[in-house]
Every structure is written in C-alpha cells, then in structure tokens.
Amino acid sequence: MKHVLRRRARPSSIALPALVSLLASVWLLLLMSTLTEGAIGVTNRTSALEEARLQRENMVRKYLKRLKKEEGALKLVGGRGDYEGNVEIFHAGKWGAICDDEWDASEAEVVCRQLGFPGPVRATHTGYFGRAKRKFWMDNLYCGGKEQELGDCHFDGWGTNDCEASEAAGVICKQHEEDQDRSITPKPVPVEALVPKVRLGMRLEVRLVGGRADGEGRVEVRVIGKEGAGRWGSVCGDGWGLLEGNVVCRELGLGYANNAVQTDFFSETDRLPAVLLSGTECYGNESSLADCLHDPVWMEPDAVDGARCSERRGHVAAVTCVPLMADLAFDHVEMEQSLHLEDRLMYLLQCAMEENCVASQAYEIQRDNPNWHLETRRLLKFTARVVNTGTADFRPHIPKHLWEWHLCHMHYHSMEVFATFDVIDASGRRVAEGHKASFCLEDNQCLPGIEPRYACANYGDQGISVNCSDIYRHNIDCQWVDISELNFGEYMFKVSINPEFKVPEMSFENNAARCRLLYTPTFARVYDCALGRP
C-alpha cells in the first residue's frame, strides 16, 4: 500500500557523543549568562538573558540539524547556505533525493518547518540547485502543510519513482533574523539562477547525429551568421524534455518527439563537440529551436570552452522522432453535465485513502478520532472522458512488468499521475486538489467501426486506441475532489490530463480544461470551460 502510518524514529545512538558535547556547551552558555547577569545592572538583566537564550536556541538548532542522522531526517544541498537547496531525506541508512512531481508550497512548508526555519520563500523544481546526485526516495508527495515531518506526508512508497536526475525538488526557506544579520561568505549563486533566459536572436541550423535510423540521434546546432556558418556544437541536457524534442522534430520535418533524453548514447567517440546551447526551454509550439529560451551564455565560433552545463561529459540532448503520435483531448462537456456533490462516510473511503484521494485533514481525523469511520467527507464528483484524437495509440510510459497491483481496488496501476484536479481561488492559490495517482487506461467507447484493443481486466494491456475514449465515471473511487474544508463561493476549476508531459503527444494544448466553479450549500456547478494546456 502506498500510504503507511509511520512512527517518528528515535534518535540514532551514533549521535550520543556529539549530543553530550552539545549539552556541555549549553551548560557553559547557561553559566556565562548567569555571570553576565550578576555583572550588569538590573536594568539590562532582561535583555542580557534574552540574548543568551536566543544564542542557546540558535546553537542547539544548528547542532541538532548537523547531528540528526535518523530515519526521516532532511538536509538541503547545493544552495548558498543551509536555508536553501535540493531536498534530501535519510531512509534505510542512506540519503536520497526527492522528485518534483506534485511538489509545491505545501511540501516546502513542511520541509522548512522540520529544518527549524520560519517558513518557505518558495518551492523549486527541475533541479534548480543542480541535478540529483542520489537515488530518489520519494515521488508524488502530497502534504497538507501541517505535517510535522515530510515522512508523514503521502507518497508512492520509498524508492518508487519514475524520475530523472533533472527532476530534483528543492526549497528556499526564510532565514532567522540572527542568520540574516550575520555576515557570511555565501557560496556562488549558479549562473542560471541569476541570469534570465533569452531568445538568441540569431539563426540556428539543427541536425541529428549518430542515430541508428532516420529520425533519431544527438541534437547538434550551429550559428548561421553574416559571415557564414559556425562549427557544430552539442546542446546541454539541462531541462531537455518532450517539449523541446517536439520543436526539433517539427523543425526537421520528422514528425513528433517520441523520446527526448539526456545521453551520449548516439556518440561514436568519447569526445563530443563542445556545448553550444544550454538551459533550453521551449513552450512546445515554436517552429525553430532558435525561438526557444536559452541561457545567455553561448559559444562563439572560435571559442575554446562551450556554454555552461551541469555535467560536461555525456550530458547532451538527444531525441527520437516518429511520424505518428497520440493526442489526448479532455471532454469538458461531459464533466459539466455530470458534476455534483456527495457526502460520503469515511468508512466507505478506505480504499481511496490508500491512494491519497482525499484531503490531508481526513488523515488527521483518522489518526486522532477513534470514531473516524463515522465522519463524512464532501466530494465534488464528475465523469472524466478522455479521447485519443491522434494517429497512434496512447500507451503508459511505465513498462508492464513495473505496474503496481492495488489489492483494495483489485487493479493494476500503469501510471502514477494521469490526471490532476485543482480548485483555485481568486488570488490564484490552490485551495483543494485531487489527482489520479494511478489510472486504469482502457477503451471504454470507440467510434463506429473501431474495435477496442485495451482492457484492464486480467492484467490486460492498457492504453487508449485512436478514435477511442477512456471514461472514468463519477461513481468510481478517486474521480472527485475532496472539498470538505472549502468555503462556499466562486472558484476556478482545472482538470489536467498527462499534466507532467511524461507521455509524448502531438500537442498538449487540449489536455486541460479551465472552468468557473460555483459552490453553494446545496449544489455545485461548472461553466464557461475552455481547453488549454496543463
């Protein structure tokens, strides 16, 4: 099961000598504060004691963070100080990274609180402080923001993930006032964190090199200037994904990106051309790679060193292009017609709770209230119909032998996140959410003359055929948003399919629906829906 209640671990015995030293230091500070109190006047006694107390608290906090090497401990790596960096968690005697899927302000709140900081400045994604150097321990984290430790949140299970090194999650925490006032020599800030990305304003020629067949290979570019063409160079793999790959395939007339990877697999020799572009970021609809955003550090034709890249060796962009591709579209009309409210006993939600399909407050009730099963949750339920309007079948990106069997619901999970459901207030803040932590993809309805090919039953193949629909009806577990704590009023409701762009498609412009939501004491309805991207 994905969610298992965990007790807070006891401190490791290896930290006892250091803790003894810490206690001795605290005693010394107490003695110093006492002597100071006797030496100064009564007027300054309060301020001196307060200053000593703050010093002791700060020292204890710093030492405990340094000594804490127990189950569920956290640390931040790659930042300018101990208040920022990619998050790593200690589990089973080893440190591991955390994937940025579903990573947002709620998780950052828990991390900063657990580390002893006042709160978060913001959550960071896509390896903002560098690529993950360790295996991923946690993926698809879902925190309410009030948990005492990150290990108390819901996630897919220790070590269960489908993440790449570029998907490291991080935080920037608020500093304590005494830390901000102290003059320190910070670590140098990464260039990509300081300089905004720009369009190069020059013509680029693109080619694929080293492929085993037409339509695949390592991406190389060169600048076409007034004095002719420069020499060919590689593209750094930082941030490289399907959106960028789609632009390259379209520019070369090779169709759509089936896979966009960061590898030197398509290299015949150990020596690769110098990196010419880095930090490439495309929206996905550009006609040329030159129209995308890049780091403003690029290689002149006669330069020796290339552009900045987190890893020099083997970390270059590559792509595989195919002529046919799936294209999912969300049926917002079906959602508008089927959406309704339902109050449901928590006793009937036990399977759904194992798949993290209710709000975090429900888990607190389950933990604290012995009669939790008699409590009710208010669910915003609707039918989700997804149509494949492309030219190829839509298939899960996880291989079949890695699918996860869920005993309670008696089906296999072929995707970790297929859909997300968000309720957003007027200020743009997400106030309620739901998601498909997994999905049973099958052909529920096809156009006349189309034979269904995919069915979940009996470990069958999962997918959506061309001109067929996968329908997840409102009476099925997890096809809802838990809005039990939501105030009545008007909101924005957004449903996103394939929200992380992990499965290739022709376009992602019809994968999401944004609608207005009216929530009253007696009913809820959505209207004025518009299709867009996740």
Exercise. Restricting the search to region 415-430, which residues are at pLDDT below 90 and within 18 Å of Leu339 (Cβ to Cβ)?
Worked result: Ala419, Thr420
For this session: Output the number of the condition that Arg378 fails; it satisfies all remaining conditions of (1) open to solvent by 40 Å² or more (accessible area, probe 1.4 Å); (2) under 29 Å from Leu141 (Cβ atoms); (3) at pLDDT below 95.
Result: (3)
Exercise. Among Ala318, Ala326, which is the only one that is hydrophobic (A, V, I, L, M, F, W, C), within 26 Å of the chain's Cα centre (by Cα), open to solvent by less than 40 Å² (accessible area, probe 1.4 Å) and more than 24 Å from Asp470 (Cβ to Cβ)?
Worked result: Ala318
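Residue-by-condition table, conditions (1) surrounded by fewer than 18 Cβ atoms within 10 Å (Cβ to Cβ); (2) of a type in the set (A, V, I, L, M); (3) under 23 Å from the mean Cα position of the chain (by Cα):
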position: Tyr347; (1), (2), (3): yes, no, no
position: Asp368; (1), (2), (3): yes, no, no
position: His373; (1), (2), (3): yes, no, no
position: Phe382; (1), (2), (3): no, no, no
position: Val387; (1), (2), (3): no, yes, no
position: Pro399; (1), (2), (3): yes, no, yes
position: Glu404; (1), (2), (3): yes, no, yes
position: Ser414; (1), (2), (3): no, no, yes
Seminar exercise, completed: Selection from region 426-475 of residues charged (D, E, K, R) and either assigned to a strand (DSSP E or B) or buried (at least 17 other Cβ atoms within 10 Å of the Cβ) (or both) yields Arg430, Glu433, Lys436, Glu442, Asp443, Asp470
Exercise. Is it the case that Val261 is at pLDDT below 85, open to solvent by 30 Å² or more (accessible area, probe 1.4 Å) and within 22 Å of the chain's Cα centre (by Cα)?
Worked result: yes
Problem set entry | Test for Gly279: is it buried (at least 20 other Cβ atoms within 10 Å of the Cβ) and either among the small types (Gly, Ala, Ser) or modelled with pLDDT under 75 (or both) | yes
Problem set entry | Selected residue [more than 25 Å from Glu509 (Cβ to Cβ), of a type in the set (Lys, Arg) and free of Cβ contacts under 8 Å to residues at least 60 places away in the same chain] from Arg218, Arg212 | Arg212
For this session: Report yes if some residue within region 515-531 is crowded, with 17+ Cβ neighbours inside 10 Å and farther than 30 Å from Glu364 by Cα; otherwise report no.
Result: yes
Seminar exercise, completed: Wholly inside region 70-184, strands (runs of 3 or more DSSP E) that include 2 or more residues that are within 28 Å of Cys309 (Cα to Cα) and among the β-branched types (Val, Ile, Thr) are 84-91, 120-124, 170-173
Exercise. Restricting attention to region 481-496, which residues are surrounded by fewer than 22 Cβ atoms within 10 Å (Cβ to Cβ), out of contact with any Asp or Glu (no Cβ under 6 Å at 6 or more places or on another chain) and part of a strand (DSSP E or B)?
Worked result: Gly489, Glu490, Met492
Exercise. For region 500-534, which residues satisfy the criterion of being farther than 17 Å from Ala329 by Cα, of a type in the set (D, E, K, R) and touching a Leu at 6+ places or on another chain (Cβ under 7 Å)?
Worked result: Arg525
Problem set entry | Unmet criterion (only one of (1) assigned to a loop (DSSP other than H, G, I, E, B); (2) open to solvent by less than 10 Å² (accessible area, probe 1.4 Å); (3) at pLDDT 90 or above) for Cys478 | (3)
Problem set entry | Tabulated pairs, region 115-137, first within 16 Å of Val77 (Cβ to Cβ) and of a type in the set (D, E, K, R), second at pLDDT 85 or above and open to solvent by less than 30 Å² (accessible area, probe 1.4 Å), C-beta under 6 angstrom, 6+ apart or interchain | Arg134/Gly96; Arg134/Ala97; Lys135/Gly96
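The values are calculated or read from the model by the stated rules, or taken from the named source; none is laboratory data. These numbers were taken from a predicted model, which means no experiment stands behind them. So basically every Cβ, Gly included, is an ideal-geometry build from the backbone, and we count neighbours across all protein chains shown. Please note that ligands, DNA and RNA were not included when accessible areas were found on the heavy atoms of the full protein model with its side chains. Shrake-Rupley method; radii C 1.70, N 1.55, O 1.52, S 1.80 Å.
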